[in-house]
Amino acid sequence: MASIPDRMMAAVIDGKKRVELRELSIPELKAGELLIRIEYCLLCTWEQRIYTGESSTGLPFIAGHEASGVVVKVSGASKASEANPGVPVNFKVGDRVVFKTLDHCGHCSYCYQGYTNQCTGAAKKRSYDGIPGSGGLAQYIALEAGRVFPLSGDISLEEAAFTEPLACCIHSVKRSGIEFGDNVVIVGCGIMGQLHSLLCRLKGARVIVVEPRQDRRELAARLGAHLVIDPGRGEMIDQVFKLTGGEGVDVVFNTAANPDIAKRSMALLKKMGRMIFYGSFHPNKNIEIDPNQVHYSEIVITGSSGPATGDFYQASRMLSYKLLPVKDFIYKIFDLSEINEAFEAALSPQSYRVAVRL
């Protein structure tokens, strides 16, 4: 293992569509922490909104949270002992890992129950020489061992970086209560819609994808979606009801960011169906819901926000075992020195995920 330098490079968003590379200090380790050299980071829509100025996140900021890397230092000592109980013995230098960069407090009522994605406590904030950030676009990160997940097998680290978005989708699919033989509609087939499609197939559901872009429909079909619908060619609701014998579907996942599309998608549900509002809406606005439809049909309307720790663990296992073909979703890989070009490429509707090689 190469020696650890004193300084590192990080991509700092410091203005609208402005990112610069800065040399910063390597994070110092505390008891129970690991120092990880980040190898790859994907550019999520959250990072894209920070870059374009659509997010309220304060600047300057070091973004990035879909990442993978290698352990280069373990705090304390090389092995645990009663005199040194804080050493994370499950990790060693050289381990290939993925990690949760978005923090939670660990001791609110939600964290205690394992719902770390709903944390209401004061999460620990990370900063680099005074610059705040989630830290995925810095070359090194220090994290508590409980936020780090080992990889097994020979999965590439660029594919392993999909652990966080996959974990978000695992959380969503769990909330839907899918059963074998269910009819499922996925509205929108960007990266999150594609991952939902793959997971729902593994759950034994018939997957119907609704997506206006032909290239995305074709990829979803190639990866196993049973039926694909172009909403621009006829009425989406009529097509879905025809496919289901006039009944509607058991589950709808709305992955589109448009509230109007989410409202229309509710009409696809059968009695006792489940509606999952996945992801955030931009721009957000209120939509009308018929309370009698909810009352008489007993439909369930819920959301899904981020992954809990257990979802993250399951995602790391699924990718380690190569159960999902995520390499198809890498649009292009850029070096850190090309970070501005990487962000511009990430904004293209043709891209699912752009990867940055740290």
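The values are calculated or read from the model by the stated rules, or taken from the named source; none is laboratory data. Keep in mind the model is a prediction, meaning the values are calculated, not measured. Note that we place each Cβ from the backbone using ideal geometry, even for glycine, and neighbour counts take in every protein chain shown.
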**Request:** With a cut-off of at least 3 residues that are more than 15 Å from the chain's Cα centre (by Cα), surrounded by fewer than 19 Cβ atoms within 10 Å (Cβ to Cβ) and not assigned by TED's automatic domain parsing to the domain that holds Pro150, name the helices (runs of 4 or more DSSP H) lying wholly within segment 279-358.
**Result:** 291-297
**Message:** Exactly one of these conditions fails for His196: (1) closer than 19 Å to Met318 by Cα; (2) surrounded by fewer than 24 Cβ atoms within 10 Å (Cβ to Cβ). Give me its number.
**Reply:** (2)
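Can you say whether Ala225 is among the aliphatic types (A, V, I, L, M), in the same structural domain as Ala256 (by TED's automatic domain parsing) and in a helix (DSSP H, G or I), as far as the supplied structure shows?
Judged against the criteria, Ala225 is not a match.
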**Item:** Evaluation of Thr120 against (1) assigned to a loop (DSSP other than H, G, I, E, B); (2) buried (at least 21 other Cβ atoms within 10 Å of the Cβ) (one fails), failing number
**Value:** (2)
**Item:** Number of positions in segment 30-61 that are more than 21 Å from Ile191 (Cβ to Cβ) and aliphatic (A, V, I, L, M)
**Value:** 5
**Complete:** If we keep only residues of segment 171-212 that are in a helix (DSSP H, G or I) and aliphatic (A, V, I, L, M), then the residue nearest to Asp311 (Cα to Cα) is Val173
**Message:** Looking at Leu35, Leu21, can you tell me which residue is at pLDDT 95 or above, outside any loop (DSSP other than H, G, I, E, B) and more than 21 Å from Ser3 (Cα to Cα)?
**Reply:** Leu21
**Residue check for Val251: free of Cβ contacts under 8 Å to residues at least 24 places away in the same chain and either closer than 16 Å to Gly193 by Cβ or of a type in the set (A, V, I, L, M) (or both)** = no
**Asked** Checking Leu202 against (1) under 20 Å from Ser297 (Cβ atoms); (2) modelled with pLDDT of 95 or more; (3) aliphatic (A, V, I, L, M), which test does it fail?
**Response** (1)
**Prompt:** Do you know which residues across segment 29-68 are of a type in the set (Gly, Ala, Ser), touching a helix residue (DSSP H, G or I) at 6+ places or on another chain (Cβ under 7 Å) and surrounded by 21 or more Cβ atoms within 10 Å (Cβ to Cβ)?
**Reply:** Ala63, Gly64, Ser68
